[in-house]
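Single-structure report; data block below.
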Amino acid sequence: MYVAVKGGERAIENAHAWLAEERRGNTDVAELSIAQIREQLSLAVNRVMAEGSLYDPDLAALAIKQARGDMIEAIFLIRAYRTTLPRFGASEPVDTGIMACDRRISATFKDLPGGQVLGPTFDYTHRLLDFKLAADGDVPKAPSRDAETGTVPHVTEFLNREGLIEEAPHNDTPPPDLTREPLEMPADRALRLQALTRADEGFTLGLAYSTQRGYGRNHAFVGELRIGSVPVEMDIPELGFAVEIGEVTLTECETVNQFTGSKTEPPQFTRGYGLVFGQTERKAISMALVDRALRWEELGEDNVGAPAQDAEFVLYHADNIQATGFLEHIKLPHYVDFQSELELVRKLRREAGAQQVQEAAE
Amino acid sequence: MQANTLSGGFADPATQSAHAFRSVMEAMARPGTIQDIHGAAPPAPLSPAMGAVLLTLCDTETPVYLAGDMDCDAARAWLAFHTGAPFVGPAQCMFAVGKWDALTPLEVYPIGTSEYPDRSATLIVECSELASGATLTGPGIKETATLSLPELEAFQANRTLFPLGLDFIFTCGGRLAALPRSAEVSRSSSQARAQAGAS
Amino acid sequence: MTEYNFAYLDEQTKRMIRRAILKGLAIPGYQVPFASREMPMPYGWGTGGVQVSAAVLTPSDTFKVIDQGADDTTNAVSIRTFFQRTAGVATTTATSDATVIQTRHRIPEEPLHEGQILVYQVPIPEPLRFLEPRESETRKMHSLEEYGLMHVKLYEDISRHGHIATSYAYPVKVEGRYVMDPSPIPKFDNAKLGDMAAIQLFGAGREQRIYALPPYTQVVSLDFEDHPFEASKADHLCGMCGANDSYLDELIIDDLGGRMFVCSDTDYCEARQAAGHKGKDAA
């Protein structure tokens, strides 16, 4: 005897209760605090802020806790929260030239004004599991020196003095806002960069890697990678001038890429650009490579059909919140559609069978 | 700022604009039907219906053109305060506001592009009456509908642009009606008879 | 949930969606781009429908949500609860009592009446998408009314299978102009799209499109003279209410693969049973 399944509401409530219990895990183990996540899982916090498009380390840490460490779920929580926030205005563009750099490296010049600063990087760690971390232990204080003051010039500026790299002319046009207007093709560079900065790290990395392996190769050198904090200023109309409203940590990557040129125009290096919230250098470098690959048209290069050159492909598939939602929605019931397919396939098979019988009889 | 600039908006914007939108949507979905709309008390020459439509649809993202008498300090100040909509000329507007004679000719308004026909202006026309009149057919109409229109030719010409074209909302006191670009407009049989009798 | 606005969305977002709905109604079948917001539920799970519902609901509405025709599927329950909480609207499972019905994959069996609004959740709003993946190209095709590709696809089906091999999300032409995706409803439901008394609104959140059918709009399922469109369903009666005119779900009821067919529209089936109709499998 068939009885229609009821009680979806209770099933959902119970599932949520179970989820909360699993999230907490064994209660004999101390609960994670938001501060612990913020301080000790800071690169996870940075990724959530970058792809969530909201600079708030505490909220990102909360999202990570709530999402049980599922990064895309955490990003989703931040995005959904972000959309509900009222907008008071837009900041002035940040000036990365006055960044207080924790890390600043150039792969194109051995030394340069401002120096090479390794900063807190994994780069030269030997990837050996550190079992000391498994036990509690204090960390010896890292050596320090006084911070440099003043601006740190961009590497590309040095190239620019010789005209060796394409100009990046100053542009005051307000960029379009991806979160307030539907994405529309063709997308200009400002819009592409905006989409890339919140794009899924893994997707961006994969695309960038594909350009290095020849799918739209653009010979990138890391002209400069810098990580540090910059002041955020906002123009207050009532005051008539801009005031500093806070500081954000950013990762900026400028690549120096293969040169262009012709009989009439002398060769010049080209640029790729990445700028991401927090210490997120894998993402920033990936972004710069993909940015450069997407610029093939304006630089007069061939479209070799590489995925990273295809703005429509890249921009429509780079957002992990869109992607994961649609991917996972196939878990939802589809039995109405499946039933219609079932009926159709049965009908086609019946007819094919009848035809075979008739042919055999003839 | 005058007192009536600050007053006359929705006291409870979320629910009042929801109700007002339903009136506008019903009107646009069912051309020729006349809907009540409440909640706004704008300064003259804006009617309560006109005010409610503007509060429901306009904000800083919607350039508005005020035509003729509607382009006055009272209307500008009220709209600026309650919606923040920028004021523009007819060629740049998303919404145009005025009496029919001030709004015409229609050639100046954006009618959308073949790829984006939705990027067209909506004209909100203040009328002295809303009643039966011309015969309407098309989407949203079971067989025929009827609505008093300021003229026929302009709407017939607009229909030939489909899927491009302008959409119209007619306001009068506390009521409104609408005419989307998809509507076919013709002289009603009674109008035709009246004209035949007169000539 | 006092920390959120009525029906969750902020007023500016609602205005933006409402403007898109009006343009959609004025250009039936045309997909209006809109700046879809991130909702507190995943893309692909009805965020387009939820945004449209949030933009049309008033506190005096009675809201019904169905998924696969049923009010009690988990995602339908989840969306209904969301609006109970954020908009405080009354809810119902009775089709005729609802003023706004949000649906995924079905049109209710009972004819809708004037004053009702049917909101569809749409995954891929572009009917040409699986023939041409590029939005820039499909937009051009719509603007030029260039639908040859679609006819070629349908005709290839006929030459391969003897029939058009599309059984859901079956494309329609609206008022002789735009080819439209009716969302993944079974083609059985296509006949209900045209000349409907209710307003039909379609929301695709992830794809950022809204489109609409005003009441009494002409909607024609694409076909060929020698292969006319045919609405189909399982050739059975409902095992519970005995209905012969409703779309049926097929259930596997035992280890031997025994089958039973029941109405997908749970409200329709329950109302018939309450009125004394009985199918062969009913207790």
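The values are calculated or read from the model by the stated rules, or taken from the named source; none is laboratory data. From a predicted model like this one, the values you see are computed outputs, not experimental measurements. Note that we place each Cβ from the backbone using ideal geometry, even for glycine, and neighbour counts take in every protein chain shown. The accessibility values were calculated without ligands, DNA or RNA, using every heavy atom of the protein model including side chains. Shrake-Rupley method; radii C 1.70, N 1.55, O 1.52, S 1.80 Å.
For the stretch A:176-200, residues that are in a helix (DSSP H, G or I) and open to solvent by 30 Å² or more (accessible area, probe 1.4 Å) total 5.
Listed here are the strands (runs of 3 or more DSSP E) enclosed by the stretch C:188-283 that have at least 1 residues being surrounded by fewer than 17 Cβ atoms within 10 Å (Cβ to Cβ): C:219-221, C:248-252, C:259-263.
Criterion applied to C:Arg85, C:Arg80, C:Arg139 was being open to solvent by 10 Å² or more (accessible area, probe 1.4 Å), outside the structural domain of C:Gly203 (by TED's automatic domain parsing) and either assigned to a strand (DSSP E or B) or more than 15 Å from C:Tyr268 (Cβ to Cβ) (or both), and the one residue passing it is C:Arg139. Screening C:Val179 on (1) under 22 Å from C:His113 (Cα atoms); (2) in the same structural domain as C:Val56 (by TED's automatic domain parsing); (3) of a type outside the set (Phe, Trp, Tyr); (4) not in a loop (DSSP other than H, G, I, E, B) shows it passes everything except condition (1).
Determine whether the stretch C:162-170 contains at least one residue that is at the interface with another protein chain (Cβ under 8 Å from one of its Cβ atoms), under 30 Å from C:Gly276 (Cα atoms), more than 18 Å from the chain's Cα centre (by Cα) and touching a residue at least 40 places away in the same chain (Cβ under 8 Å). Don't jump to the end; show me each part of the working.
Within the stretch C:162-170, the first condition is being at the interface with another protein chain (Cβ under 8 Å from one of its Cβ atoms), and the residues that meet it are C:162-163, C:165, C:167-169.
Subsequent filtering for residues that are under 30 Å from C:Gly276 (Cα atoms) retains none.
For the stretch C:162-170, residues at the interface with another protein chain (Cβ under 8 Å from one of its Cβ atoms), under 30 Å from C:Gly276 (Cα atoms), more than 18 Å from the chain's Cα centre (by Cα) and touching a residue at least 40 places away in the same chain (Cβ under 8 Å): absent.
Taken over the stretch A:93-150, the criterion of being surrounded by fewer than 11 Cβ atoms within 10 Å (Cβ to Cβ), within 24 Å of the chain's Cα centre (by Cα) and in a helix (DSSP H, G or I) is satisfied by no residue. Of all residues in the stretch C:208-241, exactly one satisfies the criterion of being at pLDDT 95 or above and out of contact with any strand residue (DSSP E or B) (no Cβ under 8 Å at 6 or more places or on another chain), namely C:Tyr216.
Any residue at all in the stretch A:15-27 that's within 11 Å of another protein chain (Cβ to nearest Cβ) and exposed (fewer than 12 other Cβ atoms within 10 Å of the Cβ)? Explain how you work it out, then say what you get.
Within the stretch A:15-27, the first condition is being within 11 Å of another protein chain (Cβ to nearest Cβ), and the residues that meet it are A:15-16.
Restricting the remaining residues to those that are exposed (fewer than 12 other Cβ atoms within 10 Å of the Cβ) gives A:15-16.
Within the stretch A:15-27 (the criterion being within 11 Å of another protein chain (Cβ to nearest Cβ) and exposed (fewer than 12 other Cβ atoms within 10 Å of the Cβ)), the answer is yes, since at least one residue qualifies.
Looking at the stretch C:145-170, which of its residues are assigned to a loop (DSSP other than H, G, I, E, B) and open to solvent by less than 70 Å² (accessible area, probe 1.4 Å)? Of everything in the stretch C:145-170, those that are assigned to a loop (DSSP other than H, G, I, E, B) and open to solvent by less than 70 Å² (accessible area, probe 1.4 Å) turn out to be C:Tyr147, C:Gly162, C:His163, C:Ile164, C:Ala165, C:Thr166, C:Ser167, C:Ala169, C:Tyr170.
Just give me the residues in the stretch C:14-45 being farther than 27 Å from B:Pro139 by Cβ and either more than 7 Å from every other protein chain (Cβ to nearest Cβ) or at pLDDT 95 or above (or both), in sequence order.
In the first step, residues of the stretch C:14-45 are kept if they are farther than 27 Å from B:Pro139 by Cβ; the result is C:37-45.
If the condition is that a residue be farther than 27 Å from B:Pro139 by Cβ and either more than 7 Å from every other protein chain (Cβ to nearest Cβ) or at pLDDT 95 or above (or both), then C:Met41 is the only one that fits.
Among the residues of the stretch A:55-76, the ones that are of a type in the set (A, V, I, L, M), open to solvent by 30 Å² or more (accessible area, probe 1.4 Å) and touching a residue at least 24 places away in the same chain (Cβ under 8 Å) come to 3 in all.
Can B:Met70 be described as open to solvent by 50 Å² or more (accessible area, probe 1.4 Å), at pLDDT 95 or above and either hydrophobic (A, V, I, L, M, F, W, C) or touching a strand residue (DSSP E or B) at 6+ places or on another chain (Cβ under 8 Å) (or both)? Step through it out loud before you land on a result.
On the way: open to solvent by 50 Å² or more (accessible area, probe 1.4 Å): no; at pLDDT 95 or above: yes; either hydrophobic (A, V, I, L, M, F, W, C) or touching a strand residue (DSSP E or B) at 6+ places or on another chain (Cβ under 8 Å) (or both): yes.
For B:Met70, the condition - open to solvent by 50 Å² or more (accessible area, probe 1.4 Å), at pLDDT 95 or above and either hydrophobic (A, V, I, L, M, F, W, C) or touching a strand residue (DSSP E or B) at 6+ places or on another chain (Cβ under 8 Å) (or both) - is not met.
Applying the criterion of being surrounded by fewer than 24 Cβ atoms within 10 Å (Cβ to Cβ) and in contact with a Gly (Cβ under 7 Å, 6 or more places away or on another chain) to the residues of the stretch B:44-61, the residue that is nearest to the other protein chains (Cβ to nearest Cβ) is B:Asp59. I'd like to know if the stretch B:73-84 contains one or more residues that are open to solvent by 20 Å² or more (accessible area, probe 1.4 Å), in contact (Cβ under 8 Å) with a residue 12 or more places away in the chain and closer than 20 Å to C:Ile21 by Cβ. No, every residue in the stretch B:73-84 fails to be open to solvent by 20 Å² or more (accessible area, probe 1.4 Å), in contact (Cβ under 8 Å) with a residue 12 or more places away in the chain and closer than 20 Å to C:Ile21 by Cβ. Against the list (1) more than 7 Å from every other protein chain (Cβ to nearest Cβ); (2) open to solvent by less than 10 Å² (accessible area, probe 1.4 Å), the condition C:Leu57 fails is (1). The single residue among C:Arg106, C:Arg129 that is open to solvent by less than 10 Å² (accessible area, probe 1.4 Å) and basic (Lys, Arg) turns out to be C:Arg106. Of all the residues in the stretch A:331-351, those that are more than 7 Å from chain C (Cβ to nearest Cβ) and touching a Gly at 6+ places or on another chain (Cβ under 8 Å) number 0. The conditions of being within 18 Å of the chain's Cα centre (by Cα), more than 14 Å from C:Gln84 (Cα to Cα) and of a type in the set (Ser, Thr, Tyr) are not met by C:Thr13.
Would you please name the residue that is surrounded by the most Cβ atoms within 10 Å (Cβ to Cβ), looking only at residues in the stretch A:270-329 that are outside any loop (DSSP other than H, G, I, E, B) and of a type in the set (Val, Ile, Thr)?
Our first condition is that a residue be outside any loop (DSSP other than H, G, I, E, B); within the stretch A:270-329, this holds for A:270-277, A:281-294, A:307-309, A:311-317, A:320-329.
Filter again for of a type in the set (Val, Ile, Thr), leaving A:270, A:276, A:285, A:290, A:314, A:321, A:324.
Numbers: A:Thr270: 20, A:Val276: 29, A:Ile285: 22, A:Val290: 32, A:Val314: 23, A:Ile321: 22, A:Thr324: 19.
Filtering the stretch A:270-329 for residues that are outside any loop (DSSP other than H, G, I, E, B) and of a type in the set (Val, Ile, Thr), the one surrounded by the most Cβ atoms within 10 Å (Cβ to Cβ) comes out as A:Val290.
For C:Ile107, the criteria (1) part of a loop (DSSP other than H, G, I, E, B); (2) touching a residue at least 60 places away in the same chain (Cβ under 8 Å); (3) more than 24 Å from B:Met28 (Cα to Cα) hold in every case but one, which is (3).
Taking the criterion of being closer than 23 Å to B:Cys58 by Cβ and among the aromatic types (Phe, Trp, Tyr), would at least one residue in the stretch B:139-158 satisfy it? Let's see the steps before the verdict.
At the first step, the residues of the stretch B:139-158 found to be closer than 23 Å to B:Cys58 by Cβ are B:150, B:158.
Next, from what is left, pick out any that are among the aromatic types (Phe, Trp, Tyr): none.
No, that holds for no residue.
Regarding the stretch B:14-29, can at least one residue be identified that is away from chain C (no Cβ under 13 Å), at negative phi and not charged (D, E, K, R)?
Of all residues in the stretch B:14-29, those away from chain C (no Cβ under 13 Å) come to none.
No, there is no match, as no residue in the stretch B:14-29 is away from chain C (no Cβ under 13 Å), at negative phi and not charged (D, E, K, R).
In the stretch C:172-183, what count of residues is obtained for those that are in contact with a Pro (Cβ under 7 Å, 6 or more places away or on another chain) and open to solvent by 10 Å² or more (accessible area, probe 1.4 Å)? Adding up the residues that qualify gives 3.
Out of curiosity, is A:Glu39 of a type outside the set (Gly, Ala, Ser), away from every other protein chain (no Cβ under 14 Å), farther than 30 Å from A:Ile236 by Cα and within 26 Å of the chain's Cα centre (by Cα)? Walk me through it before giving the result.
Numbers: of a type outside the set (Gly, Ala, Ser): yes; away from every other protein chain (no Cβ under 14 Å): yes; farther than 30 Å from A:Ile236 by Cα: yes; within 26 Å of the chain's Cα centre (by Cα): yes.
For A:Glu39, the condition - of a type outside the set (Gly, Ala, Ser), away from every other protein chain (no Cβ under 14 Å), farther than 30 Å from A:Ile236 by Cα and within 26 Å of the chain's Cα centre (by Cα) - is met.
Looking only at the stretch B:29-41, count every residue that is open to solvent by 20 Å² or more (accessible area, probe 1.4 Å) and either of a type in the set (Val, Ile, Thr) or out of contact with any Asp or Glu (no Cβ under 6 Å at 6 or more places or on another chain) (or both) and tell me the total. Total satisfying the criteria: 6. Look at (1) over 22 Å from A:Pro186 (Cβ atoms); (2) at pLDDT below 90; (3) more than 14 Å from every other protein chain (Cβ to nearest Cβ) and you find that A:Glu298 fails only one, number (1). So, C:Lys233, is that one under 12 Å from the mean Cα position of the chain (by Cα) and farther than 30 Å from A:Met185 by Cβ or not? In short, no.
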